[in-house]
1. Inspect the stretch 25-36 for any residue being touching a Cys at 6+ places or on another chain (Cβ under 8 Å), closer than 25 Å to MET113 by Cα, assigned to a loop (DSSP other than H, G, I, E, B) and of a type in the set (Gly, Ala, Ser) and give the result as yes or no.
2. Might you let me know whether the stretch 42-60 holds any residue that is assigned to a strand (DSSP E or B), surrounded by fewer than 21 Cβ atoms within 10 Å (Cβ to Cβ), touching a strand residue (DSSP E or B) at 6+ places or on another chain (Cβ under 6 Å) and at pLDDT 95 or above?
3. Would you say ILE114 is modelled with pLDDT under 95, of a type outside the set (Lys, Arg) and within 15 Å of the chain's Cα centre (by Cα)?
4. Just name the residue that is farthest from LEU99 (Cα to Cα) out of those in the stretch 47-70 that are over 11 Å from the mean Cα position of the chain (by Cα) and of a type in the set (D, E, K, R).
Amino acid sequence: MGIFKKDSDLNRLDTLIGNGTIFEGSLTSKESICVEGTVRGKIDCEGSVIIGEKGRVDADIFADTVLLGGEVNGNIVSKTKLEITTSGKLRGDIKTGSLIIAEGVLFEGKCQMITEDHGVQSSDEFVENEEIPVHKIGKSKHDALFP
């Protein structure tokens, strides 16, 4: 998993949504989240979010880094890096500091690179002059990012 800066980052993985598990609602973590099952709602993570090959997320994701090997139907704000592997599928818009997309990926949406001048400081911050449609799942404090 090339998304981790060092081996100690693996020790910060504190939440696992296992294969066969369905989580509905708002999932928040200060560390990292791995999804091998299904998440519906919203993910807000200060660390890394990993969606495994069997993982499915029907939610907007706000995280420092995201590794996508499964399926996401929603928008992704990844402050540092978003990596989509060959098995990844994304139907939604992206805002990220760095983007890696492997050959064969399914991506339907728009992409905006976060720069120092227009960066996202937190998932609550409004990014001006944006017209990116959101895949509404419900009201959240992040609606300002995707008006």
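The values are calculated or read from the model by the stated rules, or taken from the named source; none is laboratory data. If you're wondering where the values come from, they're calculated on a predicted model, not measured in any experiment. Reconstructed Cβ throughout: ideal geometry from the backbone, glycine too, with neighbour counts over all protein chains shown.
1. No, there is no match, as no residue in the stretch 25-36 is touching a Cys at 6+ places or on another chain (Cβ under 8 Å), closer than 25 Å to MET113 by Cα, assigned to a loop (DSSP other than H, G, I, E, B) and of a type in the set (Gly, Ala, Ser).
2. Let us first name the residues in the stretch 42-60 that are assigned to a strand (DSSP E or B), namely 42-45, 48-51, 56-60.
With the extra rule that they be surrounded by fewer than 21 Cβ atoms within 10 Å (Cβ to Cβ), the set shrinks to 56, 58.
Then drop every residue that is not touching a strand residue (DSSP E or B) at 6+ places or on another chain (Cβ under 6 Å), which leaves 56, 58.
Now drop any that are not at pLDDT 95 or above, which leaves 56, 58.
Yes, that holds for at least one residue.
3. Working: modelled with pLDDT under 95: yes; of a type outside the set (Lys, Arg): yes; within 15 Å of the chain's Cα centre (by Cα): yes.
Here the answer is yes, as ILE114 does meet what is asked.
4. LYS54
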